[in-house]
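S.K.: Here's a structure for you.
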Amino acid sequence: MADQKINKRRKTKEREKIKKLTAIIMVAAFLACGIAHAGTGTAKEAAALVDKAVAYYKANGKDKAYPEFNNKNGQFVNKDLYVFVIDWNGTILAHGANEKLINKPTGDLKDADGKYFMREMVKVAQTKGTGWVDYKWTNPVTKKIEQKSSYVKRVGNENLLIGCGIYK
């Protein structure tokens, strides 16, 4: 009889431990989902970052703006969002995620479907002043080709644009 009570208590304690562990795992999973989501920028945030960068460029000029745009820990990097600057020839002048792209011509760059998306960004900035360009690109987080959209904006009378992209 005493053995049955001891076994029953052990099983009850084991069940309680399993319930607690399950609860901890569930909370951790929900937090992980929240953290992952918190790391993804929205279209509204991308457009706001571009507007902020354009204002900064106009107020400070390129000599101060480009280093700040290139700063991975600076004010123009938020979650997975960063700004980039492209001139009308398609040359990248600043890039908040990959400094190796700076001064590289990208006019002949195509997306996964063969679309000259950088040329389209320049065209949108030249003709409309601002807008979104959709294309497919490899997401550095998932390593998969995904739909991406970049918000671009012409900088005053300068022959360049500032942009920021989001994965959809």
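S.K.: Any residue that is exposed (fewer than 10 other Cβ atoms within 10 Å of the Cβ) and either outside any helix (DSSP H, G or I) or modelled with pLDDT of 95 or more (or both) - is there at least one of those in region 32-39?
M.R.: no
S.K.: Taking into account only those residues within region 53-84 that are in contact (Cβ under 8 Å) with a residue 12 or more places away in the chain and farther than 17 Å from Ala97 by Cα, which is surrounded by the fewest Cβ atoms within 10 Å (Cβ to Cβ)?
M.R.: Lys58
S.K.: Kindly indicate which of Gly163, Gly131 is under 22 Å from Phe76 (Cα atoms), in a strand (DSSP E or B) and either touching a residue at least 60 places away in the same chain (Cβ under 8 Å) or aliphatic (A, V, I, L, M) (or both).
M.R.: From the options Gly163, Gly131, the qualifying one is Gly163.
S.K.: Quick check on my filter: what residues within region 136-160 are surrounded by 14 or more Cβ atoms within 10 Å (Cβ to Cβ), part of a loop (DSSP other than H, G, I, E, B) and in contact with a Ser or Thr (Cβ under 9 Å, 6 or more places away or on another chain)?
M.R.: Within region 136-160, no residue meets the criteria.
S.K.: Still on this structure, please answer the following. From the list Lys148, Lys58, Lys168, Lys115, exactly one residue is of a type in the set (Lys, Arg), modelled with pLDDT of 95 or more and within 15 Å of the chain's Cα centre (by Cα). Which is it?
M.R.: Just a single option satisfies the conditions, and that option is Lys148.
S.K.: Checking Gly131 against (1) in contact with a Gly (Cβ under 8 Å, 6 or more places away or on another chain); (2) surrounded by 15 or more Cβ atoms within 10 Å (Cβ to Cβ), which test does it fail?
M.R.: Result: Gly131 fails condition (1) only.
S.K.: Regarding Ala65, is this residue of a type in the set (A, V, I, L, M), over 14 Å from the mean Cα position of the chain (by Cα) and at pLDDT below 95? Step through it out loud before you land on a result.
M.R.: Numbers: of a type in the set (A, V, I, L, M): yes; over 14 Å from the mean Cα position of the chain (by Cα): yes; at pLDDT below 95: no.
No.
The values are calculated or read from the model by the stated rules, or taken from the named source; none is laboratory data. These numbers were taken from a predicted model, which means no experiment stands behind them. Here Cβ is always computed from backbone atoms with ideal geometry, including for glycine, and neighbour counts include all displayed protein chains.
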